[in-house]
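Take a look at the structure below.
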Protein chains: 2
Amino acid sequence: MIDYYTIIEELKNIKTIENVEEIKKLSQDYYYFSPILIPILQNKQADLVVIPTNEEEVLKIAQICIKYKIPLTIRGAGTGNYGQCIPLNGGIVLDMTEMKKIHWIKSGVACVDAGIKISLLERETKKQGWELRMIPSTYKIATLGGFIGGGSGGIGSINYGQLRDRGNLNKVRVVTLEKEPRIIELFGDETQQVNHAYGTNGIITQLEIPLAPAYNWVDVIVTFDNFISALKFGQALADSDGITKKLISIHAQPIANYFIALKSYLPNGENCALLSMAEISLYPLQELVKEYQGKITYQQDLSKNSNINLIEFTWNHTTFHARNIDSNITYLQTFFFTIDKVEKMYNYFGDEVMIHLEFLRVGGKAIPAGLQLVKFTTEKRLNEIIKYHEENGMFIANPHTYILEDGGRKNIDIEQLNFKKKVDPYGLMNQGKMKAWKNN
Amino acid sequence: MIDYYTIIEELKNIKTIENVEEIKKLSQDYYYFSPILIPILQNKQADLVVIPTNEEEVLKIAQICIKYKIPLTIRGAGTGNYGQCIPLNGGIVLDMTEMKKIHWIKSGVACVDAGIKISLLERETKKQGWELRMIPSTYKIATLGGFIGGGSGGIGSINYGQLRDRGNLNKVRVVTLEKEPRIIELFGDETQQVNHAYGTNGIITQLEIPLAPAYNWVDVIVTFDNFISALKFGQALADSDGITKKLISIHAQPIANYFIALKSYLPNGENCALLSMAEISLYPLQELVKEYQGKITYQQDLSKNSNINLIEFTWNHTTFHARNIDSNITYLQTFFFTIDKVEKMYNYFGDEVMIHLEFLRVGGKAIPAGLQLVKFTTEKRLNEIIKYHEENGMFIANPHTYILEDGGRKNIDIEQLNFKKKVDPYGLMNQGKMKAWKNN
């Protein structure tokens, strides 16, 4: 048994949280989007939350974890959806949100502490004419380190691909959980060892990321009488090299019914596209909309004040809004690869699997990725739905598992496993998440 | 017979050139890259060159052309390669280079007179953090109006596609050659009526174009032991969404032997890639180069002073340098669509057709386009080479014709023809270039 009073004493001036209710809150994420994960994860919680403010404190915490062999789980803002930051075996949750220093922003690159909120970072980069290459729909509270550790892409991925794509992450600093914890720097491809590894193999303390030039973005809603037009419009906009955008989110009827705040623009839950467009591309957008028989029902310059931010209705915020109306709804994450496959699934499943697409670039090509809303009945049926997609040539990154390799990665990532062997030899970090570790 | 002394008198204060040698010079372009075009075009020349400085003067010139039924051919800097601005039936050459006013640059859009030099325009846009979405290799002297009228794409097309792609041209003002000449404004898709129409259907006087955010660009040369590695590297870089670039120019051995000024970096005419890279993407570029067993032999930040500008060795500047060494060399313009097709042609033709590629985006996908160097023997053989490419599924935009539709467009463009019927009812503009006009 670990005596946490001793631990707290040894941590000295480092901030901790001992209140059980608060610890509970800081041990959870949005795993409850999955009815499969609820019974597995709902009672998991840490013994102690520790909140470092700088790298020295992180190093000190790592030393204590080694000394007492304490399980350690890293947490950003807890906006993940598969229990990425939920401790399975108690121990310490390392809350990174006070590690929020911006070290520098220059010439289109930012160097920051891992716990910085994405929205706060962007507020600063924009002063120099830059913004993040991609952000999650949770960007207002999500941390950059959490996005790298547990995310994969987001708004902006239609231009820059995914976080894991070469060139999207320059450098990370990592505190190890070796016998003598130390700081390691990883550059370029080397960062793949910790990128989207759920914090299983090192504590990312600092990140250096390339930025994107900031445009004046305009939110636009387009409606379509039929879904196939919306689908084809999405692909055409994605492939229009002369039209500058950073979000193409397509929703089949009746998903829009869940967007209460957008009711005036989508009164009948219309098939719709939620877009973020460069102001300079609004005119050609209108021409494209006309070509696909769409109708623009909403347009809002984001540099002006607005109560609505369309980003917060896209990616997994769509699921969030749907579940606010019908908590029986869950979701999938699917690479369809082609719009023909989307059409096939649309016709096959009907309302049981409501099509929600986000277009993004994969290996230079814009493809539709699905975050379909599923009317949940049983686990068996959910697995049948997944299987049917896979048998028809689609790739599902299963959001109903907390295991790293059973989600998007599928295969054991030897590079990440080897890195864990090196920097977490005692297997203290985010225990139970990396399947390869148990098998080796 | 038209009496040009009367014309000059009627033109009053508008600048004209009457010197025969100067008229000769201003009636030519780089058509001599084609041995087929030389005998056809070498003796063509205007009777008079007129140089307007503003739209009112253009309108005045149009009125006089109508009054006397004078053939009118518009000229930018004369950097075209198929006689786009060569008058086939004498008449007036309208030299647009004194129409060079920048009306405004704001929020990523520029409004300028058609005769502005692209390099001068970019010098101004860069002060606001913007640059042109694409430029020709002749950008130092080429005019924007000439690029739109006679060009198709260039450096930057790897990001924004071609000039004709929706969203790359906001607006044009056009002076007509109707009975009563007037000024027309065309917006968005409407600009297709005059885009790449060789000035056969209206005088473009003013353009409004969307810009691209300016990066700090770095010239890079990479060499490869074998061409197929260079080819695959080019496609991989084009498809790397996280790596920011604006030029991927690939050259098979021994093309680099023609680049005398680059001799120190390409001593043996190596297979090579000439690149323009964002400074923030240099590190991931190095990683990609390593993956394809390339070697970086040159790297130069363009914000520093440099005698070398790699852009001026790419696109049709490659042909220019090759012809400086061996005037027997000509070229092709080819959409290969896939790198497999490039490999097939590379193996089939060997040194007779030396592979020079420029990667660009077409409909959302990055594809290799060829400006292959051909060792010219006979017209018959040249046509055989073209035919072989076409029979194997490639598209050739024949650069050995001055006819609009026999070049890149292939089909009669009804929209452009109808616009010509409307704005040039007497058929005075760039006579003999639009085949559809003769047939109708």
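The values are calculated or read from the model by the stated rules, or taken from the named source; none is laboratory data. Everything quoted here is computed from the prediction, not taken from an experiment. In this analysis, Cβ positions are derived from the backbone assuming ideal geometry, glycine residues included, and neighbour counts consider all displayed protein chains.
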Restricted to the range A:209-249, and to residues that are within 7 Å of chain B (Cβ to nearest Cβ) and of a type in the set (S, T, N, Q), which residue is nearest to A:Asp189 (Cα to Cα)? A:Ser240
Name the residue that is farthest from B:Leu88 (Cα to Cα), counting only residues in the range B:187-205 that are part of a strand (DSSP E or B) and away from chain A (no Cβ under 12 Å). B:Thr205
Among A:Ile367, A:Ile385, which is the only one that is outside any strand (DSSP E or B) and either without any contact (Cβ under 8 Å) to a residue 60 or more places away in the chain or not assigned by TED's automatic domain parsing to the domain that holds A:Tyr160 (or both)? A:Ile385
When you check B:Gly156 against the structure, is it over 22 Å from B:Ala238 (Cα atoms) and not hydrophobic (A, V, I, L, M, F, W, C), yes or no? no
Hey, does the range A:324-331 have a residue that's within 14 Å of chain B (Cβ to nearest Cβ), buried (at least 22 other Cβ atoms within 10 Å of the Cβ), touching a helix residue (DSSP H, G or I) at 6+ places or on another chain (Cβ under 7 Å) and at pLDDT 95 or above? no
Enumerate the pairs (first residue in the range B:226-249 and within 18 Å of B:Phe313 (Cα to Cα); second residue anywhere and part of a helix (DSSP H, G or I)) with beta-carbon separation below 6 Å, excluding pairs fewer than 6 apart on the same chain, so at least 6 apart or on different chains. B:Leu231/B:Ile339; B:Leu231/B:Val342; B:Ile248/B:Ile158; B:Ile248/B:Gly234; B:Ile248/B:Leu237; B:Ile248/B:Ala238
In the range A:102-140, how many are away from chain B (no Cβ under 11 Å) and either buried (at least 22 other Cβ atoms within 10 Å of the Cβ) or under 19 Å from A:Lys171 (Cβ atoms) (or both)? 20
With respect to B:Pro181, determine if the residue is more than 14 Å from chain A (Cβ to nearest Cβ), more than 21 Å from B:Glu57 (Cβ to Cβ) and at pLDDT 95 or above. no
In the range A:409-423, the residues that are in a loop (DSSP other than H, G, I, E, B) and in contact with a strand residue (DSSP E or B) (Cβ under 9 Å, 6 or more places away or on another chain): A:Lys410
Determine whether B:Val172 is part of a strand (DSSP E or B), more than 9 Å from chain A (Cβ to nearest Cβ) and under 16 Å from B:Glu358 (Cα atoms). no
Tell me, which helices (runs of 4 or more DSSP H) wholly within the range B:1-75 include 2 or more residues that are within 22 Å of the chain's Cα centre (by Cα) and surrounded by 18 or more Cβ atoms within 10 Å (Cβ to Cβ)? B:37-41
So, A:Ile116, is that one under 18 Å from the mean Cα position of the chain (by Cα) and β-branched (Val, Ile, Thr) or not? yes
Take A:Glu208 and decide whether it is part of a strand (DSSP E or B), at pLDDT 95 or above, surrounded by fewer than 21 Cβ atoms within 10 Å (Cβ to Cβ) and on the phi < 0 side of the Ramachandran plot. yes
Does B:Leu41 satisfy the condition of being closer than 21 Å to B:Pro399 by Cα, touching a Phe, Trp or Tyr at 6+ places or on another chain (Cβ under 7 Å) and either among the small types (Gly, Ala, Ser) or modelled with pLDDT of 95 or more (or both)? yes
Within the range A:281-324, track down each residue that is under 29 Å from the mean Cα position of the chain (by Cα) and farther than 20 Å from A:Asn216 by Cβ. A:Thr297, A:Phe313, A:Trp315, A:Asn316, A:His317, A:Thr318, A:Thr319, A:Phe320, A:His321, A:Ala322, A:Arg323, A:Asn324
Going through the range B:123-143 one residue at a time, which ones are over 18 Å from B:Glu312 (Cα atoms), charged (D, E, K, R) and either assigned to a helix (DSSP H, G or I) or modelled with pLDDT under 95 (or both)? B:Glu124, B:Lys126
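Rundown of residues vs (1) within 14 Å of another protein chain (Cβ to nearest Cβ); (2) of a type outside the set (Phe, Trp, Tyr); (3) under 30 Å from B:Thr244 (Cβ atoms), yes/no style:
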position	(1), (2), (3)
A:Asn309	no, yes, yes
A:Glu312	no, yes, yes
A:His321	no, yes, no
A:Asp340	no, yes, no
A:Glu352	no, yes, no
A:Phe359	yes, no, yes
A:Gly364	yes, yes, yes
